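The values are calculated or read from the model by the stated rules, or taken from the named source; none is laboratory data. This structure is a prediction, so every number in the text was calculated from the model and none was measured. Cβ coordinates were reconstructed from backbone atoms using ideal geometry, including for glycine residues, and neighbour counts include every protein chain displayed. To get the accessible areas, we keep the full protein, side chains included, count just its heavy atoms, and leave off ligands, DNA and RNA. Shrake-Rupley method; radii C 1.70, N 1.55, O 1.52, S 1.80 Å.
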Number of protein chains: 2
Amino acid sequence: MALKKKPVTGMKDMMPAEMEIRDYVIGQIKETYRAFGFSSIETPCVEHIENLCSKQGGDNEKLIFKILKRGEKLKIEEAKEEKDVVDGGLRYDLTVPLSRYYANNANELPSPFKALQMGNVWRADRPQRGRFRQFMQCDIDILGEPGNLAEIELILATTTLLGKLDFKNFTIRINDRRILKAMAAYSGFAESDYENVFIILDKMDKIGLDGVAAELEENGYAKGSVEKYLQLFKEITNDVEGVRYCKEKLEGFLADDAAASLEMIITSVESAKEADFCMKFDPTLVRGMSYYTGTIFEISMDEFGGSVGGGGRYDEMIGKFTGQNTPAVGFSIGFERIVMLLLERGYQVPTAAQKKAFLIDKKMPKEGMLKILNLAKAERALGKQVMIVNMKKNKKFQKEQLMEQGYTEIVDCYADNVEQL
Amino acid sequence: MALKKKPVTGMKDMMPAEMEIRDYVIGQIKETYRAFGFSSIETPCVEHIENLCSKQGGDNEKLIFKILKRGEKLKIEEAKEEKDVVDGGLRYDLTVPLSRYYANNANELPSPFKALQMGNVWRADRPQRGRFRQFMQCDIDILGEPGNLAEIELILATTTLLGKLDFKNFTIRINDRRILKAMAAYSGFAESDYENVFIILDKMDKIGLDGVAAELEENGYAKGSVEKYLQLFKEITNDVEGVRYCKEKLEGFLADDAAASLEMIITSVESAKEADFCMKFDPTLVRGMSYYTGTIFEISMDEFGGSVGGGGRYDEMIGKFTGQNTPAVGFSIGFERIVMLLLERGYQVPTAAQKKAFLIDKKMPKEGMLKILNLAKAERALGKQVMIVNMKKNKKFQKEQLMEQGYTEIVDCYADNVEQL
């Protein structure tokens with residue numbers, strides 16, 4: 001009785017009902033991105049500990065599940081600190097592995113390379129409702145494409161996916177880190193203050209314009225800068241007009257093509273979109289990670305408080321690993337959140353097969369059994385899901401159980417009726 | 001430049017061509033077993049170290065990737081041995097996790113429970129060609145069904161799967177641990193010698209009848225027993241006649257229903273099979289793990305030396321964990337071997353979409369781009385895989401690359417021809 005029945009802390013056993021939705025969503029993700037020319041890739045779940053601790057992962061690096069050295073390399077009694085006994089760790093995201101993968105295999109990969117990576121990641125976070133220490137991530141990246149075609153295709157593909165999963169009325173908010181910086185520069189903030197200003201700006205949806213103003217002033221920034229800055233947000237509209245306004249107003253502070261490129265992305269997505277959503281220019285969108293260099297975007301859904309996905313351009317990150325900059329844009333989809341939303345709304349997988357069960361009486365003779373096996377074979381070949389199961393004493397309860405599992409057609413099979421089946 | 005480009009020792013980056021086959025095989029597995037009423041489940045990749053070291057895993061327990069304790073629980077400087085610093089490990093198979101899963105969730109699961117579990121497992125084996133330290137396992141189990149309907153459905157489902165993957169002319173060898181034991185008992189071996197006798201018998205395909213005889217005698221077993229034993233193997237045929245012969249000859253040594261049940265399995269599978277294979281009674285089939293209690297089976301394929309899958313009945317294993325015996329039969333499919341065989345024979349995924357690429361000249365005006373995006377949208381909706389990509393200076397090389405990726409239709413798009421597309 002050495003077995004512990006519960007999974008390890010913070011990780012979970014997937015029950016059949018949830019798995020049915022997960023499998024369906026995974027299938028839709030693969031099918032949709034494939035139609036846009038993305039290729040599936042996979043990297044090992046274990047990475048070199050040096051790669052995981054290379055400062056690309058921010059706070060996630062504190063949450064790594066570390067793997068013990070093996071064999072002669074492990075000298076526990078001499079060990080003073082963690083790094084003496086560890087040589088690997090479970091990946092905490094898919095970005096570090098993607099960078100390593102690209103660095104390792106770029107010669108064999110097409111350019112641009114459109115990658116779809118789905119896989120579990122692990123973070124030793126404090127366990128809490130709805131957050132687990134092992135969870136699925138789904139990342140889509142286009143490597144090697146400097147133009148905004150990459151952003152356009154990523155957004156079109158991802159919104160098409162969400163549409164297929166019956167999500168409607170969601171919003172893609174989009175911005176560009178260059179506009180973010182130009183607005184700060186135009187207002188007179190010092191470059192060294194940008195990141196801190198953006199952290200405060202990021203609270204806009206919680207504390208509003210006045211709250212942001214107050215906090216900026218509390219942080220000691222010049223009142224003139226703060227007023228000039230906030231005036232911009234009052235004037236900029238959430239559409240292509242807003243983008244054009246930025247282009248004009250921020251002249252001299254903003255790269256020539258930045259606003260035009262953003263406008264092109266918004267116009268293209270609106271023109272060629274498949275799903276029912278709207279696209280908003282949001283000059284207050286910041287996105288935490290400082291590695292973004294250009295476009296940033298996020299999906300918001302009213303029925304779910306937060307974001308269900310987001311990403312942006314990070315042209316300088318792969319270069320940090322390989323020594324050679326590679327243009328890159330990525331989108332990370334909140335797989336677990338999407339599955340949770342579908343489960344909560346009692347989503348029925350549309351591709352679910354018709355389910356039929358044969359209940360076999362224990363006195364069924366051999367010939368009867370062979371007949372039923374062949375009936376099942378024929379129905380399975382037609383796409384039905386067929387369960388053959390021995391009849392229990394409590395047949396009523398057994399049938400209720402089967403109906404709960406979705407078996408709408410249940411056939412009692414006895415020696416004396418098997419001929420008529 | 002802290003990044004190590006190579007994956008950790010013994011693990012591998014999956015390239016797009018292999019992933020296409022893997023994704024296809026995974027899809028076929030899920031679809032096929034679903035048609036037979038199996039439900040997908042998933043367990044965490046990390047298990048309690050106590051569960052992994054509970055003596056169910058045989059030699060695999062020596063190969064565990066162990067996970068370091070975290071936070072205050074970790075006291076490296078005081079640690080004397082591994083167990084002081086470790087609280088989890090990566091699973092080395094899917095059987096231990098299935099047992100834990102069933103123990104943890106039996107109340108919420110139907111009975112019988114037909115489970116399909118696919119997932120990575122890890123073993124710190126010495127790296128060698130074609131064997132990796134992270135690999136996918138695929139297990140199918142029926143828990144709670146004591147009758148041979150479980151074996152019949154497992155074998156039918158698995159062979160149907162192999163048929164869908166274009167495998168032909170393979171063989172299912174089948175035996176029953178009870179027949180194995182009855183033959184040894186009939187021949188006069190002591191019960192305590194059975195396991196050793198079976199280890200020698202297991203070499204039959206390598207060293208032949210005479211080799212087995214010689215080795216049994218070398219091990220000191222009575223000449224009379226050895227002769228009586230080997231005479232049996234000469235007389236038993238590899239079909240249901242052989243099973244009937246066993247029933248008759250081994251009377252008094254073999255449970256009444258054992259031979260009849262095996263005969264029923266063979267007859268049923270032959271009658272209702274979908275794929276092109278043959279079923280052989282093989283009284284020399286042993287299967288290593290001693291936890292098997294009844295039927296055992298293995299898939300052999302001529303084009304691949306060894307087995308590509310196997311399993312059997314293990315009615316007493318879950319009871320060791322839960323304290324309550326649960327009838328169980330399982331099949332483990334050699335997922336990695338199947339993928340390797342398909343890759344080697346240059347298998348073309350039959351569901352692959354038609355692939356079309358639009359090459360966009362850099363002077364394409366906005367209106368042209370919108371037109372192309374909408375053309376692509378229409379073709380994607382029809383199931384085509386459409387790549388939109390900026391034209392490179394070396395267009396010829398770019399096209400060759402695209403053709404290598406399977407893009408059979410490539411359209412050059414310029415400002416002056418976009419109207420005609």
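Among the residues of the range B:162-214, those that are of a type in the set (Ser, Thr, Tyr) and open to solvent by 10 Å² or more (accessible area, probe 1.4 Å) comprise B:171, B:186, B:192, B:194.
Name the residue, out of B:226, B:243, that is assigned to a helix (DSSP H, G or I), among the aliphatic types (A, V, I, L, M) and more than 30 Å from residue B:302 (Cβ to Cβ).
One residue alone meets the criteria, B:226.
Has the range A:88-98 got at least one residue that is within 30 Å of residue B:379 (Cα to Cα) and crowded, with 21+ Cβ neighbours inside 10 Å? Checked against the condition, which is being within 30 Å of residue B:379 (Cα to Cα) and crowded, with 21+ Cβ neighbours inside 10 Å, the range A:88-98 yields at least one hit. Under the condition of being open to solvent by 40 Å² or more (accessible area, probe 1.4 Å), over 18 Å from residue B:16 (Cα atoms) and not basic (Lys, Arg), the residues counted in the range B:376-409 number 8. In the set (1) of a type outside the set (S, T, N, Q); (2) open to solvent by less than 10 Å² (accessible area, probe 1.4 Å); (3) in contact (Cβ under 8 Å) with a residue 12 or more places away in the chain; (4) over 20 Å from residue A:157 (Cα atoms), the condition left unmet by residue A:19 is number (3). Taking every residue in the range B:257-273 that is more than 7 Å from every other protein chain (Cβ to nearest Cβ) and pairing it with any residue that is part of a loop (DSSP other than H, G, I, E, B) and open to solvent by less than 50 Å² (accessible area, probe 1.4 Å), at least 6 positions away or on another chain, the pairs with Cβ-Cβ distances below 7 Å are B:261/B:148; B:265/B:148. On inspection, residue A:159 passes the criterion of being within 25 Å of residue A:341 (Cβ to Cβ), in a helix (DSSP H, G or I) and open to solvent by less than 30 Å² (accessible area, probe 1.4 Å). Scanning the range A:373-421 for residues that are free of Cβ contacts under 8 Å to residues at least 12 places away in the same chain and outside any helix (DSSP H, G or I) turns up A:382, A:392, A:393, A:394, A:416, A:417. Taking (1) open to solvent by 30 Å² or more (accessible area, probe 1.4 Å); (2) more than 7 Å from every other protein chain (Cβ to nearest Cβ); (3) in a loop (DSSP other than H, G, I, E, B) in turn, residue B:10 satisfies each apart from (1). Among residues that are more than 30 Å from residue B:101 (Cα to Cα), assigned to a helix (DSSP H, G or I) and not assigned by the TED database to the domain that holds residue B:184, residue B:370 is included. Cβ-Cβ distance below 7 Å, separation of 6 or more or different chains: which pairs start in the range B:293-307 with a residue that is more than 23 Å from residue B:265 (Cα to Cα) and end on one that is modelled with pLDDT of 85 or more and open to solvent by less than 30 Å² (accessible area, probe 1.4 Å)? Final answer for the pair search is B:303/B:341; B:304/B:341.
Just to check your reading of the model, which residue among B:92, B:102, B:24 is in contact with a strand residue (DSSP E or B) (Cβ under 8 Å, 6 or more places away or on another chain) and part of a helix (DSSP H, G or I)? The match here is B:102. Counting only residues that are out of contact with any Leu (no Cβ under 9 Å at 6 or more places or on another chain) and within 11 Å of residue B:284 (Cα to Cα), the range B:186-202 holds 1 of them. Taking the numbered list (1) within 22 Å of residue A:401 (Cβ to Cβ); (2) at the interface with chain A (Cβ under 8 Å from one of its Cβ atoms) in turn, residue B:82 passes all entries but (1).
Contact annotation: residue pairs with Cβ atoms under 6 Å, 6 or more positions apart or on different chains, pairing a residue in the range A:60-77 that is more than 9 Å from every other protein chain (Cβ to nearest Cβ) with a partner that is among the β-branched types (Val, Ile, Thr) and outside any strand (DSSP E or B), are A:69/A:85.
Listed here are the residues, each with its yes/no results for (1) of a type in the set (D, E, K, R); (2) within 17 Å of residue B:98 (Cβ to Cβ).
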| residue | (1), (2) |
| --- | --- |
| B:11 | no, no |
| B:26 | no, no |
| B:38 | no, yes |
| B:51 | no, yes |
| B:56 | no, yes |
| B:65 | no, no |
| B:69 | yes, no |
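Out of B:153, B:145, which single residue is within 25 Å of residue A:368 (Cβ to Cβ), at pLDDT 95 or above, at the interface with chain A (Cβ under 10 Å from one of its Cβ atoms) and part of a loop (DSSP other than H, G, I, E, B)? Every option except B:145 fails the conditions.
Of the residues A:62, A:69, only one is open to solvent by 20 Å² or more (accessible area, probe 1.4 Å), modelled with pLDDT of 95 or more and closer than 30 Å to residue B:62 by Cα; which?
A:69
The number of residues in the range A:236-251 that are free of Cβ contacts under 8 Å to residues at least 12 places away in the same chain and exposed (fewer than 15 other Cβ atoms within 10 Å of the Cβ) comes to 3.
Per-residue answers, yes or no, for (1) assigned to a loop (DSSP other than H, G, I, E, B); (2) assigned by the TED database to the domain that holds residue B:338; (3) out of contact with any helix residue (DSSP H, G or I) (no Cβ under 8 Å at 6 or more places or on another chain); (4) under 30 Å from residue B:260 (Cβ atoms):
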| site | (1), (2), (3), (4) |
| --- | --- |
| B:180 | no, no, no, yes |
| B:184 | no, no, no, yes |
| B:188 | yes, no, no, yes |
| B:193 | no, no, no, yes |
| B:198 | no, no, no, yes |
| B:205 | no, no, yes, yes |
| B:212 | no, no, no, yes |
| B:217 | no, no, no, no |
| B:220 | yes, no, yes, no |
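Does residue B:360 fit the bill of being more than 25 Å from residue B:19 (Cα to Cα) and in contact (Cβ under 8 Å) with a residue 24 or more places away in the chain? In short, yes. Screening A:356, A:362, A:371 for residues that are open to solvent by 50 Å² or more (accessible area, probe 1.4 Å), at pLDDT 95 or above and among the charged types (D, E, K, R) leaves exactly one candidate, A:371. With a requirement of 3 or more residues that are buried (at least 23 other Cβ atoms within 10 Å of the Cβ), the strands (runs of 3 or more DSSP E) lying completely within the range B:256-351 that satisfy it span B:295-301, B:304-313, B:328-333. Across the range B:99-109, the qualifying residues are those that are touching a residue at least 40 places away in the same chain (Cβ under 8 Å) and within 8 Å of chain A (Cβ to nearest Cβ), and the one among them that is most open to solvent (accessible area, probe 1.4 Å) is B:103. Of all residues in the range B:39-55, those being at the interface with another protein chain (Cβ under 9 Å from one of its Cβ atoms), buried (at least 21 other Cβ atoms within 10 Å of the Cβ) and either assigned to a helix (DSSP H, G or I) or in contact (Cβ under 8 Å) with a residue 60 or more places away in the chain (or both) number 5.
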